[in-house]
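Data first, discussion second: the structure below is written as structure tokens.
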Protein chains: 2
Amino acid sequence: MRKLTNNELGRLDIPSFRSAPKNRVTVILDNVRSLNNIGSIFRSCDAFRIEKLVLTGISTPPPHRDIHKSALGAEFSVDWEYHSQTTEAVLSLKEQGYHILAVEQTVGSIPLNHLSKSPYILHPDSPPIAVILGHEIHGVSQEVVNLCDAAVEIPQQGTKHSLNVAVSAGIVLWELIRKSPIC
Amino acid sequence: MRKLTNNELGRLDIPSFRSAPKNRVTVILDNVRSLNNIGSIFRSCDAFRIEKLVLTGISTPPPHRDIHKSALGAEFSVDWEYHSQTTEAVLSLKEQGYHILAVEQTVGSIPLNHLSKSPYILHPDSPPIAVILGHEIHGVSQEVVNLCDAAVEIPQQGTKHSLNVAVSAGIVLWELIRKSPIC
């Protein structure tokens, strides 16, 4: 099995990416601290053609050298915006008709492997989805969770309380788009 | 939706984890450079009850302060071993009857969303699976890919050539175990 060269991967250039169809998913980072995590999430949003990344609170927006080190330029392809208040960003997306999903372990959270049987799926007839990921230690704040339509939880059977936030983002985005026609 | 407290998550302690049933998946890191990535992958292997993490080549094994910073102790729960030569580790698992999968973009690689229709699934009647992830820039070496039964590729539709390696590991592990009875 010969490895493909970078040229053979046929990736888009930035203008083509910006005009290409996107998956109807927006990612919100609620006070994510690590620039390395923010950069990795930009890279995942690029790979999965996510329509927008919304940075809020202490989540540092580009340009920043340490974001660039892990985003590797995906901060130039992916559409993004910054809001100081996470709640404002969420309420604005709610008004636009988005389904709002916290990635969080709550009473009644939907296990990720049941998400495809929930109303929160990507389908041409369904509302677009906003996925919120939170702070490395504190997660999505309770105040923000209270604004969400549902919480989705990645089933975890180990000793630690959670996965790395960039890994969680990648897994939840993959689960949402794995049946997408863009895939 | 009230957030669960850490106590309510009911996570295992380390002795209970070590004696608990595992998913029949081994992860091999072929010359992964970043200690932050190695630590995150330990954390994902803990969350998904992976049986073993095999570090090879320049992939630094624990104990290391920078692995601990991102593994947060998962390096004490997850079983691991170190081999200087990746090929030796792969050949040993082949001899033990493992299916060996490179996470790599190759001629004929299986798109991850088709993996569940391939022979490389977790099933009581199927062989266990070893998943190989490679260096942050160079990926899995061609020499190692040549020893694999198949390559699996995460479909990516953006501008960058690849996802972060810890994010890729999390996504591929999730796809393998999302229907696992341990989930």
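No value in this document is a laboratory result; all are computed from the given coordinates. Not measured: the values here are computed from a predicted model. Neighbour counts run over all protein chains shown; Cβ positions are idealised from the backbone, glycine included.
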Worksheet item: Of A:ARG11, A:ARG65, B:ARG18, how do they rank once you tally other Cβ atoms within 10 Å and put the fewest first?
Response: A:ARG65, B:ARG18, A:ARG11
Worksheet item: For the pair B:SER84 and A:HIS123, what calculated FRET efficiency results from E = 1/(1 + (r/R0)^6), where r is the Cβ-Cβ distance and R0 = 41 Å, to the nearest 0.05?
Response: 0.25
Worksheet entry | Sorted peptide list for B:41-49, B:144-152, criterion being average Cβ within 10 angstrom, highest first | B:41-49, B:144-152
Fill in: Separation between Cα centres of region A:64-121 and region B:65-124, rounded to whole Å
29 Å
Worksheet item: By count of other Cβ within 10 Å, fewest leading, how are A:GLU75, A:GLU88, B:GLU51 ordered?
Response: A:GLU88, B:GLU51, A:GLU75
Worksheet item: Can you give the average number of partner chain beta-carbon atoms within 10 Å of each beta-carbon in peptide B:40-48, as a whole number?
Response: 6
Worksheet item: Where does region B:97-183 land on the Kirkwood hydrodynamic radius, alpha-carbon pairs, in angstrom?
Response: 13.4 Å
Worksheet entry | Between 0 and 90°, nearest 10: helix A:165-177 axis offset from chain A longest Cα axis | 80 degrees
Item to complete: Would you mind listing the distances between the B:GLU88 label point and the same position in each other copy? Use 7 Å along Cα-to-C-beta, nm, one decimal, shortest first.
Response: 5.9
Practice prompt. Sort shortest first the distances from B:ASP125 to its counterpart in every other copy, using label points 7 Å along the Cα-to-beta-carbon line, and give them in nm.
Written response: 3.7
Worksheet item: How many partner chain Cβ atoms sit within 10 Å of a residue's Cβ in peptide A:68-76, on average, as a whole number?
Response: 2
Worksheet item: Taking square-rooted eigenvalues a ≥ b ≥ c of the alpha carbon gyration tensor, is chain A rounded, prolate or oblate, where a/c under 1.5 means rounded and, failing that, a/b exceeding b/c means prolate?
Response: rounded
Discussion item. Principal axis extents for the protein assembly as shown, Cα atoms only, whole Å, descending order, please.
Written reply: 58, 48, 39
Worksheet item: For region B:90-100, what does the Karplus curve 6.51 cos²θ - 1.76 cosθ + 1.60, with θ = phi - 60°, yield as ³J(HN,Hα) per residue in whole Hz, taken in order and with x for Gly and Pro?
Response: 5, 5, 5, 5, 4, 4, 7, x, 6, 7, 10
Fill in: Above-threshold pairs, the threshold being 18 Å between Cα atoms, out of B:LYS52/B:LYS94; A:LYS94/A:LYS179; A:LYS52/A:LYS179; B:LYS94/B:LYS117
A:LYS94/A:LYS179; A:LYS52/A:LYS179; B:LYS94/B:LYS117
Worksheet entry | Kirkwood Rh, Cα atoms: Rg over Rh of region B:1-106 | 1.01
Discussion item. What does the structure give for B:147-154 when I average, per residue, the other chain Cβ atoms found within 10 Å of the residue Cβ?
Written reply: 2
Worksheet, complete the sentence: Proxy exposure order for A:VAL90, B:VAL25, B:VAL167 (fewest C-beta within 10 Å first) is B:VAL25, A:VAL90, B:VAL167
Practice prompt. Mind listing the long-range amide H neighbours of B:THR56? Cut-off is under 5 Å, sequence gap 5 or more, other chains count too, H placed in the peptide plane at 1.01 Å from N.
Written response: B:LEU29, B:ASN31, B:VAL32, B:HIS83
Worksheet entry | Anisotropy class of region B:72-145 from Cα gyration tensor, a/c 1.5 cut | rounded
Worksheet, complete the sentence: Mean separation of Cα contacts under 8 Å (at least 6 apart) over the residue count of chain A, i.e. the relative contact order in percent, is 25 percent
Fill in: Structure-based [θ]222 nm, chain B - -39500 (n - 2.57) summed over DSSP H runs of at least 4, per residue, nearest 500
-8500 deg cm²/dmol
